[in-house]
Every structure is written in C-alpha cells, then in structure tokens.
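The values are calculated or read from the model by the stated rules, or taken from the named source; none is laboratory data. Here the structure is a predicted model, which means the values were calculated and not measured. Please note: Cβ atoms are built from the backbone with ideal geometry, for glycine as well, and neighbour counts cover all protein chains shown. Each accessible area value is taken on the protein alone, full model and side chains, heavy atoms only, with ligands, DNA and RNA left out. Shrake-Rupley method; radii C 1.70, N 1.55, O 1.52, S 1.80 Å.
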Amino acid sequence: MFLKDLLFPKFCLGCGFLGAYICHNCQKKLSYREKDFCLYCKRSSLNGFTHPICKRRDGIDGILSIFHYNNFLKTIIKSIKYRLATDVWKELCLVIKPESLEKLKLFKNLSWGKFYFEPIPLYPSKLRIRGFNQAKIIAQFFNQFLSCPLTAHLTRKKDTLSQAQLKSNQDRYRNMRGAFQAESRDAIKGKNFILVDDVLTTGSTLKEAARALKSAGAKNVLALVLAQG
Ligand SMILES: [Zn+2]
Ligand SMILES: [Zn+2]
C-alpha cells in the first residue's frame, strides 16, 4: 500500500467499501448503452448517425455515447468534476469494458477524412476555479482509440446556467443560444470535428457548438459523450 492510500483512504463512491472509488461489486452498476440513437428525434439509429430526414445543415451528424447516466455514474462524474478528478477518472478508465469502446472504431473508419477532437469548452472563470476541463480529459482518453488531434477552436462566451436546472426546451434553447464562438475560421473550414462532452442531457449544448463550428465552415460534426441522461 502506498503512503498516499494510508493518508487519504479511498472509499467506493457506490457502496463506501474501503480501497477503491469504483469497487469490484459496483462496477456492475455501470450501465452501458447497447443501442445508439439519433440526436434529433431520439429514436434508434444505426451507429448513432442522424437520420437523413432529421439532418440539419448546421447540426450534429452523429453521436455515440458509452454509458447510461444513472445515479452511480452521476456520483462518479460529480467527483471527477469537483474533487478527485484524476484518481477517479483513472479508475473509471481502467474498468470500462473494452468491447463498449469497439463502436468508436466506426468513426475511425468513416470515409469523411481526418477528424479533430474539439472538447466542449468551459466558461473561462469556471475553468479558472476548477483548474481543468473534464471534457478535455475525456477527449484525451478517447484519443487512445481514435488518435484525432485535439483542437480548441471554440470559446464559451456565455456563462450558461446548468441545462439540468431549466425545465422547458425553450428556456434551454435560449440559455445556450450564442454560447459558443468559433475562433480562426481558416483553421476550421472544410475540416471534420468530433465534439466531446461528459454528459448529454437535452443535446442543446452539442447542437449549439456544432452550429458555431459549421457556421465557421466545418464540414462534418460528430459527437462523443461519456454518458447520456
Ligand atoms: Zn462499491
Ligand atoms: Zn432522427
């Protein structure tokens, strides 16, 4: 046992068991998404591609997610955001079933050309307080399987409210509208991007980020999220 483990013992985020943040038993509480869906109509769609009739010119072309956003994952993601970022994240990466990441290969094999990972940015003051952007950490993890260069073309102009706090779709839309600004049109034009985020709730964050990239000339915009609510 390391000294660090003696000084700061780990307790399982699911059951309180001493020794790990995600104990062997609680790994079973992680719920993997078997089926993918279309972001716009929420109906199932092979490999998460947006149905041709649901496609928007300035929208998301496809989305993949790994987990269902259940209570256990909610606790894990909260602790990744606020306290134990790297330690918990490392454990989560170790326990993710490799077969659940197989579907990522699909993005790799598309004939659309090279992709860039664009993590959803945080509002600058939030980033300063937290010290890191969890979406960027997640993108670095996915990068092991897809090896897409990471970019940071988007900036967050609006300190948006948490989408989960807003009840109506209209309020959520208004909250996100104009939230992102794309820098350097020249670097974006004609390129393909995969937006990365931790949790998908309504999809308005991703849609708004896609709009900013596409209005700056991006060709295809896909999304990859850790969990879907
Ligand atoms: Zn446990
Ligand atoms: Zn659809």
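What number of residues within the range 133-149 satisfy the criterion of being within 23 Å of residue 189 (Cα to Cα) and in contact with a helix residue (DSSP H, G or I) (Cβ under 6 Å, 6 or more places away or on another chain)? Total satisfying the criteria: 1. Is there a residue being closer than 18 Å to residue 205 by Cα and either within 16 Å of ligand 2 (Cβ to nearest atom) or not in a loop (DSSP other than H, G, I, E, B) (or both) anywhere in the range 9-23? No: zero hits. Within the range 13-29, residues that are within 21 Å of residue 81 (Cα to Cα) sit with their Cβ atoms under 7 Å from residues that are within 7 Å of ligand 1 (Cβ to nearest atom) and open to solvent by 60 Å² or more (accessible area, probe 1.4 Å), at 6+ positions apart or across chains, in these pairs: 15/25; 23/15; 23/17; 26/15. Within the range 108-120, residues that are free of Cβ contacts under 8 Å to residues at least 40 places away in the same chain sit with their Cβ atoms under 8 Å from residues that are open to solvent by 70 Å² or more (accessible area, probe 1.4 Å), at 6+ positions apart or across chains, in these pairs: 108/145. Has the range 30-50 got any residue that is part of a loop (DSSP other than H, G, I, E, B), out of contact with any Ser or Thr (no Cβ under 9 Å at 6 or more places or on another chain) and at positive phi? Yes: the range 30-50 contains one or more residues that are part of a loop (DSSP other than H, G, I, E, B), out of contact with any Ser or Thr (no Cβ under 9 Å at 6 or more places or on another chain) and at positive phi. Residue 56 meets the conditions (1) touching a helix residue (DSSP H, G or I) at 6+ places or on another chain (Cβ under 7 Å); (2) in a loop (DSSP other than H, G, I, E, B); (3) more than 27 Å from residue 130 (Cα to Cα) in every case but one. The failed one is (1). Return yes when residue 189 is surrounded by 15 or more Cβ atoms within 10 Å (Cβ to Cβ) and not β-branched (Val, Ile, Thr) and no when it is not. When the stated conditions are applied, residue 189 does not pass them.
Entry remark, the range 31-76: residues being open to solvent by 10 Å² or more (accessible area, probe 1.4 Å), among the hydrophobic types (A, V, I, L, M, F, W, C) and within 16 Å of ligand 1 (Cβ to nearest atom) number 1 in total. For the range 144-163, a residue qualifies if it is more than 30 Å from residue 102 (Cβ to Cβ) and either open to solvent by 60 Å² or more (accessible area, probe 1.4 Å) or of a type in the set (Asp, Glu) (or both), and the qualifying residues are 157, 158, 159, 161.
Within the range 123-229, considering only helices (runs of 4 or more DSSP H) that don't extend past its boundaries, which have at least 2 residues that are without any contact (Cβ under 8 Å) to a residue 40 or more places away in the chain and over 26 Å from residue 82 (Cα atoms)?
Here the list reads 169-176, 185-188.
Only a single item in (1) over 22 Å from residue 203 (Cα atoms); (2) surrounded by 17 or more Cβ atoms within 10 Å (Cβ to Cβ) is not met by residue 134, and it is number (1).
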